[in-house]
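Q: Below is a structure I'd like to ask you about.
The values are calculated or read from the model by the stated rules, or taken from the named source; none is laboratory data. Since we're looking at a predicted model, the values are computed, not measured. No Cβ is skipped: glycine too gets one built from the backbone with ideal geometry, and neighbour counts run over all protein chains shown. Surface accessibility is based on the protein's heavy atoms, side chains included, excluding ligands, DNA and RNA. Shrake-Rupley method; radii C 1.70, N 1.55, O 1.52, S 1.80 Å.
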Amino acid sequence: MTDLLTNCKRTQYSKEITPDLNGKEITIMGWIHEMRDLGGIIFVLLRDRDGLIQITAPSKKISPELFADIRKLKKESVLAVKGMVQESPKAPGGVEIIPLEFKLLNESKLPLPLDTTEKVRAEIDTRLDSRFLDLRKHSVSAIFKIKSRMLHSVRVFLEKNGFIEINTPKLVASATEGGTELFPITYFEREAFLGQSPQLYKQMMMASGFDQVYEIAPIFRAEEHDTMRHLNEAISIDLEASFCDHEDVMEILENLVSTAISDVSEHCKDELKTLNVDLKIPKTPFERIDYDDVVDMVNSQGVLLTHGEDLSRAAEKAMGQLMEGYYFITGWPTDIKPFYVMPNKDDPKKSCAFDLMYKDLEISSGAMRVHQHDLLVERMKKKGLNPDSFNRYLAAFEYGMPPHAGWGLGAERFTMCLTGVKNIRETVLFPRDRRRLTP
Ligand code: ATP
Ligand code: MG
């Protein structure tokens, strides 16, 4: 097995083989997507990461041994093919390969648990059970190429704007917000939890003088309900900035979102085409709608929303009916936001918190934070939390904590906006939900 690749190196990916290579000898590697045996001629459609290429084997042009060996090949087996490029207007990409020799690098078992040519549609559970096969479909891998490009452009944008990437612990002693959405774990002889958010750590980094930080890392939430927009393990793009208020970080967020969209639309043309997505670059600034007006808008749609309540799913959908693209909801009631959110100075019932929405989907939440120690303790008590269990966090507020603000943007929710997929599971390689812990 070890000499399989000796003297056998890939020269091109399928998409690099264009008609101007006519007559050249190339070596390509990939999976057998489809085989069509017409008796005197066999067509093998070979697939690699970026595309498909046709291998055309006419019995008259190649040796009888090679022809016989090609006939024995099975779908989804892995091949290295050395051959001659031939211009062919009828073939995909306008070229075909006339094989000179091939190596069967590994044979696939048949039947396949899943049709990789997408002619037979499979349920999401069947697809996720055989995810490695599902991901061979270009319509599925396109989502992850877009996600990868989005994360790349987010990093480039933040680095350009002076942010430092940090890594904070995911094994934590207590809840960020005292919520019930935590996964308990056994940590030697104690109980610990998986982190639901880097919130408290990124705030402590403000007290460390790092000024502007970001983290792209998993968050874990024991969401009970099976929805199309919740995962139990998700990636959060988190940001915190000192000497900033909520308006400042909203501006960073809208510029980041529109920059990432423009970068994806420029660099993922093939993937967007595969997914049939016409990505529009949103104009900044995004519209800001006050919570009070949201209540009226939702009620005008015949959906009941009482002032002071968080948006129900029905309320989000009502907003989605009225709003086209990206918009902020600002001026949230202080009572329904976490303890670390800064109340509005002139009207403490309202807060400096905001959500970024795309139609009916919340993709980010942020706020200016409370930086005054005593106010923070008071806010914790009001929320029924015990300040003693936050003493290490609170200490950071006693020795020179600058005013600061930040947000968390869900990488998968943002990927849903970029790809148009309706189920968040589609945007994760191996999703974790209430019922799924494998593969
Ligand atoms: P929702 O109300 O939609 O459940 P949330 O308000 O609880 O979300 P936040 O705590 O504000 O979520 O987290 C910030 C962002 O992280 C969200 O806007 C979302 O994009 C993402 N996020 C939060 N929880 C999840 C989850 N369970 N699955 C996927 N993404 C999530
Ligand atoms: Mg939120």
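Q: Based on what the data block shows, is residue 337 open to solvent by 30 Å² or more (accessible area, probe 1.4 Å) and free of Cβ contacts under 8 Å to residues at least 40 places away in the same chain?
A: Here the answer is no, as residue 337 does not meet what is asked.
Conditions (1) touching a residue at least 24 places away in the same chain (Cβ under 8 Å); (2) farther than 18 Å from residue 151 by Cα; (3) within 16 Å of ligand 1 (Cβ to nearest atom), marked per residue:
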| site | (1), (2), (3) |
| --- | --- |
| 349 | no, yes, no |
| 378 | no, yes, no |
| 384 | yes, yes, no |
| 387 | no, yes, no |
| 393 | yes, yes, no |
| 413 | yes, no, yes |
| 423 | yes, yes, yes |
| 427 | yes, no, yes |
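Q: Criterion first (assigned to a helix (DSSP H, G or I), closer than 30 Å to residue 222 by Cβ and touching a residue at least 40 places away in the same chain (Cβ under 8 Å)) does residue 128 satisfy it?
A: So residue 128 passes the test.
Q: So which residues in segment 140-166 are among the small types (Gly, Ala, Ser), open to solvent by 30 Å² or more (accessible area, probe 1.4 Å) and closer than 19 Å to residue 419 by Cβ?
A: Across segment 140-166, the qualifying residue is only 148.
Q: For segment 231-248, which positions are open to solvent by 40 Å² or more (accessible area, probe 1.4 Å) and under 19 Å from residue 184 (Cβ atoms)?
A: Within segment 231-248, 233 is the sole residue that qualifies.
Q: Checking residue 237 against (1) under 20 Å from residue 415 (Cα atoms); (2) over 24 Å from the mean Cα position of the chain (by Cα), only one condition comes out false. Which one?
A: Here residue 237 meets the rest and fails (2).
Q: Can you pull out every residue in segment 351-365 that is surrounded by fewer than 22 Cβ atoms within 10 Å (Cβ to Cβ) and more than 12 Å from ligand 1 (Cβ to nearest atom)?
A: Within segment 351-365, just 359 meets the criteria.
Q: Which ones in segment 287-299 are touching a residue at least 12 places away in the same chain (Cβ under 8 Å) and of a type outside the set (A, V, I, L, M)?
A: 287, 288, 290, 291, 292
Q: So which residues in segment 49-81 are assigned to a strand (DSSP E or B) and closer than 23 Å to residue 111 by Cβ, if there are any at all?
A: 52, 55, 78, 79 - these are the residues of segment 49-81 that are assigned to a strand (DSSP E or B) and closer than 23 Å to residue 111 by Cβ.
Q: I'm told residue 259 meets every condition in (1) over 18 Å from the mean Cα position of the chain (by Cα); (2) away from ligand 2 (no atom under 16 Å from the Cβ); (3) touching a residue at least 40 places away in the same chain (Cβ under 8 Å); (4) under 30 Å from residue 402 (Cβ atoms) except one. Can you identify the failing condition by its number?
A: Residue 259 satisfies every listed condition except (1).
Q: Could I ask something else about it? Among the residues of segment 99-125, which ones are open to solvent by 60 Å² or more (accessible area, probe 1.4 Å) and in a helix (DSSP H, G or I)?
A: 125 - this is the single residue of segment 99-125 that is open to solvent by 60 Å² or more (accessible area, probe 1.4 Å) and in a helix (DSSP H, G or I).
Q: So which of 356, 376 is in a helix (DSSP H, G or I) and either of a type in the set (A, V, I, L, M) or within 20 Å of residue 239 (Cα to Cα) (or both)?
A: None of the others qualify; the one that does is 376.
Q: Out of the residues in segment 180-197 meeting the condition of being among the aliphatic types (A, V, I, L, M) and more than 18 Å from residue 383 (Cβ to Cβ), tell me which one is surrounded by the fewest Cβ atoms within 10 Å (Cβ to Cβ).
A: The qualifying residue surrounded by the fewest Cβ atoms within 10 Å (Cβ to Cβ) is 185.
Q: Which condition breaks for residue 252 when tested against (1) assigned to a helix (DSSP H, G or I); (2) away from ligand 2 (no atom under 16 Å from the Cβ); (3) under 18 Å from residue 402 (Cβ atoms); (4) more than 20 Å from the chain's Cα centre (by Cα)?
A: Residue 252 satisfies every listed condition except (4).
Q: Filter segment 1-47 down to residues that are closer than 28 Å to residue 134 by Cα, among the basic types (Lys, Arg) and part of a loop (DSSP other than H, G, I, E, B), then give me how many there are.
A: So the answer is 2.
Q: Of everything in segment 419-439 that's closer than 27 Å to residue 202 by Cα and assigned to a helix (DSSP H, G or I), which residue is farthest from ligand 2 (Cβ to nearest atom)?
A: Selected residue: 427.
Q: Answer yes or no: is there a residue in segment 303-316 that is β-branched (Val, Ile, Thr), touching a Gly at 6+ places or on another chain (Cβ under 9 Å), open to solvent by less than 80 Å² (accessible area, probe 1.4 Å) and not in a helix (DSSP H, G or I).
A: Within segment 303-316, none of the residues are β-branched (Val, Ile, Thr), touching a Gly at 6+ places or on another chain (Cβ under 9 Å), open to solvent by less than 80 Å² (accessible area, probe 1.4 Å) and not in a helix (DSSP H, G or I).
Q: Of the residues in segment 379-408, how many are assigned to a helix (DSSP H, G or I) and within 16 Å of ligand 2 (Cβ to nearest atom)?
A: The qualifying residues number 0.
Q: Now, a different point. Can you tell me which condition residue 324 does not meet? The list is (1) at pLDDT 95 or above; (2) away from ligand 2 (no atom under 16 Å from the Cβ), and all the others hold.
A: Condition not satisfied by residue 324: (1).
Q: Can you tell me which of (1) over 37 Å from the mean Cα position of the chain (by Cα); (2) crowded, with 16+ Cβ neighbours inside 10 Å; (3) modelled with pLDDT under 95 is the one residue 3 doesn't meet?
A: It fails just one condition, (2).
Q: Quick one: is residue 55 in contact (Cβ under 8 Å) with a residue 40 or more places away in the chain and surrounded by 13 or more Cβ atoms within 10 Å (Cβ to Cβ)?
A: The answer is yes for residue 55.
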